[in-house]
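Visitor: Sharing a structure here in structure tokens format.
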Amino acid sequence: MLSLWILVTMVIGRKHFSDRLSHCLFLLTSGYFLWLAAVLAHYPVTAATDVEAWNWPMRITAVCEAIFSDIVLAGTVCVALERNFKIRQESVEATRKYFVITLTVAATFAAAFALIHLSSVINESGHPMDHPQLEIWTVLTSLKGAITGVTTAWLYIRTYLYAKKTLAMLPPEKEALRIKAQRKVMMYCALMASTLTSITGMIALDGVINPLMIIFFMPNIRRSLLSFGKRASRMQIPFEGNQDMSPE
């Protein structure tokens, strides 16, 4: 629900979220919301499907889970990329190719997982049972988790080191300001890297943590959410308290 709330807020206030970072965050949050919906659909589908007799509903659900998790992967890396480029003050045009590469890799993984799930019987856990699909699925799952984790961690480390180098250029009389800003950047990079790279192990928990992190680190989204909540709380349905509700 938190992811949906963020998405609705960003759509309603889209004129305030026209920059590329907001688009990356929208992609990431959309991925979490869609993935969670697919996971919730997995259980009733599994309960209502005979694995031996008719496996296609489980296959479709597994494909959706895989594709939506790859959207999360793409959003994760895109957010880290944009944060790095933003602090380095690099132009949108000069860095567009990195986002194209990221989305292409994510789409390749999604297509591979779709083929694997559609060509194999799926068990109750949503994993392929046939060979060699199971082996390929295992390798690709580990590979995409490693790529996302290493890339995201490297980007945030790079962001922190660049910020540290830039802050070191401040004059001596601003030493206290430099230390405070450096600690803030370090905390941000460490928190974002640690939460966004846990996708392979605790994606369900990430569906709660990452929306909270987005709200915490994005003041414009936080302000829009609070404003949207206040407006919603003022909307009340008129009620005639003195109406006679007794039966005639």
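The values are calculated or read from the model by the stated rules, or taken from the named source; none is laboratory data. Computed from a predicted structure; not experimentally measured. FYI the Cβ positions are ideal-geometry reconstructions off the backbone, even for glycines, and counts take in every protein chain you see. Note: areas computed on protein heavy atoms with side chains; ligands, DNA, RNA excluded. Shrake-Rupley method; radii C 1.70, N 1.55, O 1.52, S 1.80 Å.
Visitor: What residue, among those in the stretch 82-97 that are in contact (Cβ under 8 Å) with a residue 12 or more places away in the chain, in a helix (DSSP H, G or I) and of a type in the set (D, E, K, R), is least open to solvent (accessible area, probe 1.4 Å)?
Guide: Looking at residues that are in contact (Cβ under 8 Å) with a residue 12 or more places away in the chain, in a helix (DSSP H, G or I) and of a type in the set (D, E, K, R), I get E82.
Per-residue answers, yes or no, for (1) part of a helix (DSSP H, G or I); (2) within 27 Å of R20 (Cβ to Cβ); (3) not acidic (D, E):
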residue: I60; (1), (2), (3): yes, no, yes
residue: A66; (1), (2), (3): yes, yes, yes
residue: G75; (1), (2), (3): yes, yes, yes
residue: V79; (1), (2), (3): yes, yes, yes
residue: F99; (1), (2), (3): yes, yes, yes
residue: A107; (1), (2), (3): yes, yes, yes
residue: L115; (1), (2), (3): yes, no, yes
residue: E124; (1), (2), (3): no, no, no
residue: A146; (1), (2), (3): yes, yes, yes
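Visitor: Regarding the stretch 66-81, can at least one residue be identified that is of a type in the set (A, V, I, L, M, F, W, C) and open to solvent by 50 Å² or more (accessible area, probe 1.4 Å)?
Guide: Yes: one or more hits.
Visitor: Among the residues of the stretch 47-58 satisfying the criterion of being touching a helix residue (DSSP H, G or I) at 6+ places or on another chain (Cβ under 8 Å) and not in a loop (DSSP other than H, G, I, E, B), which is surrounded by the most Cβ atoms within 10 Å (Cβ to Cβ)?
Guide: Among them, the one singled out is M58.
Visitor: Right, something else. Is there a residue in the stretch 136-149 that is over 30 Å from V79 (Cβ atoms) and of a type in the set (S, T, N, Q)?
Guide: Checking the stretch 136-149: not a single residue is over 30 Å from V79 (Cβ atoms) and of a type in the set (S, T, N, Q).
Visitor: Working only within the stretch 131-146, note down all residues that are under 22 Å from the mean Cα position of the chain (by Cα) and either of a type in the set (A, V, I, L, M) or open to solvent by 80 Å² or more (accessible area, probe 1.4 Å) (or both).
Guide: Within the stretch 131-146, L140, L143, A146 qualify.
Visitor: Now for a separate question. Answer yes or no as to whether P44 is loosely packed, with under 15 Cβ neighbours inside 10 Å, modelled with pLDDT of 75 or more and assigned to a helix (DSSP H, G or I).
Guide: In short, yes.
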